[in-house]
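Taking it in order: structure first as structure tokens, then the write-up.
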């Protein structure tokens with residue numbers, strides 16, 4: 001078993017959007033993302049399946065099929081190659097756990113070894 005602990009240092013993805021890489025291997029990657037009020041993750045797509053859960057606040061997800069506000073405790077599923085963008089339209093910080101399958105190769109340089117290995 002390997003364990004990654006949430007830390008106080010965050011990578012800046014863009015102004016108001018921060019990430020912290022957690023557990024990963026070739027098949028899966030977990031990432032915590034914080035999005036400040038008014039910030040966004042611009043429209044993009046990737047070949048990885050992306051699923052996750054909003055663990056604090058609310059986020060507005062937009063795809064080519066429409067948009068939906070996802071609230072705390074709700075999960076989402078984004079198909080591989082599906083264009084999407086995410087906005088925090090509220091006045092409070094939002095936090096989500098993103099899960100990518102397989103791992104995102106472009107995020108691999110930002111990963112770190114586990115804090116504990118048993």
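For this structure, a couple of remarks:
- Here the stretch 66-107 and the stretch 1-65 have alpha carbon centers that stand 7 Å from each other.
- Answer label for Cα extents along the principal axes in Å (calculated), chosen among (i) 43, 29, 25; (ii) 44, 41, 20; (iii) 38, 31, 27: (i)
- Placing a pseudo-label 7 Å from each Cα along the Cα-to-Cβ vector at residue 111 and residue 81 gives an inter-label distance of 2.4 nm.
- Sorted by Cβ density within 10 Å, fewest first, the residues 101, 29: 101, 29
- Placing R0 at 30 angstrom, the Cβ-Cβ distance between residue 67 and residue 101 gives a FRET efficiency of 0.80 after rounding to 0.05.
Read the figures in this text as sums done on the coordinates, not as results from a lab. These numbers were taken from a predicted model, which means no experiment stands behind them. Methodologically, a virtual Cβ is constructed for each residue, glycine included, from the backbone with ideal geometry; neighbour enumeration extends over all protein chains shown.
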